[in-house]
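K.L.:
Once you've had a glance at the structure underneath, I'll fire off some questions.
The values are calculated or read from the model by the stated rules, or taken from the named source; none is laboratory data. Small disclaimer: the values here were computed from a predicted structure and weren't measured. Positions of Cβ are generated from backbone atoms using ideal geometry, with glycine treated the same way; all protein chains shown enter the neighbour counts. In case anyone asks, the SASA skips ligands and DNA or RNA and just uses the protein heavy atoms, side chains included. Shrake-Rupley method; radii C 1.70, N 1.55, O 1.52, S 1.80 Å.
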Amino acid sequence: MISDLARPFDEIVRNMDQELQTLASEGKRLIGYFCTYTPVELIHASGFIPVRILGDAGTVEKAYTLTPDFICPYLRKAVEKGLNGSYKCLDGLVQGYTCDAACGVANIWEANMGADPFHILPLPYVDQDESRSFLRSGLEDLAEILKRAGGDFSQERLADSLDIYGRIRTLMSELYEIRYEHRLPLSAEDFLTIVQAGFITAPERYLSMLHDLIDALPETCDPGEGVPILVSGSLIEETKVLRIIEESGGRVVADDLCTGMRNFVPAYGHGSDPMDQLIDRFMNRFPCPSRSSAEYRLPRLLDLMKHSKACAMVFVFQKYCTPHLSDYPFLNDALKDKGIPSIMVELDETGIMEGQLKTRLESFFEMIGW
């Protein structure tokens, strides 16, 4: 159940179609994206509102004819939702090149839902001077594309957008620090809802809502019961899986999720001009498996476990998520070697088998014996 603190954010998430229609009726132009490696600050600086395309808890019917069986449920459901008209308010689509499935679906989207402007931004994998020059060139091309679509990009506008998104990430990092200290009065379900609302509404409104939330937090909080865990994985849309984890004996104190911490760290980049700052943040993001190796991610995850005092890991993957599933054997073996218990949960297109999942998780948490 969503708490009173998270209820304003839940209103936005539950009424997403209405939220987007309201923004459009106010004259805002909306650009959709799938992955958080999309430069939302540049899109916003060009005069558009970036909107992350989310899927749906419902079944997939129309998208079967357009998408193969071996892509993740999130992308199939996003296409389904697009075909059902939920994103008709979007003007265009911009996608930072991360996993192949997301970029393939972006092309399906353009062909079937329409997107003008439409662009897939190539991204470098390593941080070198040449990589930064390559990314700068790509971002400048995107700014030109958005300008031709009626945008109004400038370095000054980019500086303003970097400031807004940086302040949002700073406030979210503040919430994370309270969570790491086990004194945040929000369930994992609450927390994901708060994150999701930020994907849908205008950043200016979201920033104000986060200020209100933090002002309303009590000074003290019961740390609660349950095994403190870190949830690592891909995008989670359905808050239900997090509720089941906490009802089964776990307590989420940290995450390594695409719909979580990876979106907020670091808050800002550094550089001589706003474009350099945008590039620097990209290069120093908390690593996603689609952009880095498991060997590089492992020490970062162990540091996060230590900082949050988590004593176990729950991996939550979208079925067929190649980047995460490729990293899993290495990470799982490394955790075993260090005596850290872990369990893997796979999210299927048909939904969560609640009873079966609860039994597995309850056994896991009892085994840990916290």
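K.L.:
What's the number of the condition E295 fails, among (1) open to solvent by less than 20 Å² (accessible area, probe 1.4 Å); (2) out of contact with any Cys (no Cβ under 7 Å at 6 or more places or on another chain); (3) modelled with pLDDT of 95 or more?
P.N.:
The one condition E295 does not meet is (1).
K.L.:
For the range 332-370, how many residues meet the condition of being in a helix (DSSP H, G or I) and among the aliphatic types (A, V, I, L, M)?
P.N.:
Number of matching residues: 6.
K.L.:
Is it the case that some residue within the range 298-310 is buried (at least 22 other Cβ atoms within 10 Å of the Cβ), modelled with pLDDT under 95 and under 27 Å from D127 (Cβ atoms)?
P.N.:
no
K.L.:
D91 passes all but one of (1) under 18 Å from the mean Cα position of the chain (by Cα); (2) open to solvent by 20 Å² or more (accessible area, probe 1.4 Å); which number fails?
P.N.:
(1)
K.L.:
Quick check on the range 353-364. Is at least one of its residues under 30 Å from R183 (Cβ atoms), of a type in the set (F, W, Y) and more than 22 Å from the chain's Cα centre (by Cα)? Don't jump to the end; show me each part of the working.
P.N.:
Initial filter on the range 353-364 (under 30 Å from R183 (Cβ atoms)): 354, 357-358, 360-364.
Retained after the next criterion (residues that are of a type in the set (F, W, Y)): 364.
If we keep only those that are more than 22 Å from the chain's Cα centre (by Cα) too, we end up with 364.
Yes, because at least one residue in the range 353-364 is under 30 Å from R183 (Cβ atoms), of a type in the set (F, W, Y) and more than 22 Å from the chain's Cα centre (by Cα).
K.L.:
Of all residues being closer than 12 Å to I214 by Cβ and not hydroxyl-bearing (S, T, Y) in the range 169-184, which is nearest to the chain's Cα centre (by Cα)? Just the residue, please.
P.N.:
Filtering first and then ranking leaves M172.
K.L.:
Could you pull out the residue among L83, L90 that is in contact with a Leu (Cβ under 6 Å, 6 or more places away or on another chain) and not β-branched (V, I, T)? Working first, answer last.
P.N.:
Numbers: L83 fails: in contact with a Leu (Cβ under 6 Å, 6 or more places away or on another chain).
One residue alone meets the criteria, L90.
K.L.:
Now for a separate question. Which condition breaks for D100 when tested against (1) surrounded by 14 or more Cβ atoms within 10 Å (Cβ to Cβ); (2) of a type outside the set (S, T, N, Q); (3) within 21 Å of the chain's Cα centre (by Cα)?
P.N.:
(1)
K.L.:
Give the range 60-85 a look and list any residue that's within 25 Å of V195 (Cβ to Cβ) and β-branched (V, I, T), or say none.
P.N.:
Those that are within 25 Å of V195 (Cβ to Cβ) and β-branched (V, I, T): V60, I71, V79.
K.L.:
So which residues in the range 279-305 are under 18 Å from H324 (Cβ atoms), charged (D, E, K, R) and not in a loop (DSSP other than H, G, I, E, B), if there are any at all?
P.N.:
Residues satisfying the conditions are E295, R297, R300.
K.L.:
Now for a separate question. Report the residue count in the range 210-257 for those that are within 27 Å of T38 (Cβ to Cβ), open to solvent by less than 20 Å² (accessible area, probe 1.4 Å) and not hydroxyl-bearing (S, T, Y).
P.N.:
Qualifying residue count for the region: 14.
K.L.:
Name, by its number, the condition in (1) more than 19 Å from P8 (Cα to Cα); (2) of a type in the set (S, T, Y); (3) in contact with an Asp or Glu (Cβ under 9 Å, 6 or more places away or on another chain) that does not hold for Y180.
P.N.:
Of the numbered conditions (1) more than 19 Å from P8 (Cα to Cα); (2) of a type in the set (S, T, Y); (3) in contact with an Asp or Glu (Cβ under 9 Å, 6 or more places away or on another chain), the odd one out for Y180 is (3).
Conditions tested, residue by residue: (1) surrounded by fewer than 18 Cβ atoms within 10 Å (Cβ to Cβ); (2) within 19 Å of the chain's Cα centre (by Cα).
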residue	(1), (2)
I2	no, no
F48	no, no
G55	no, yes
Y64	yes, no
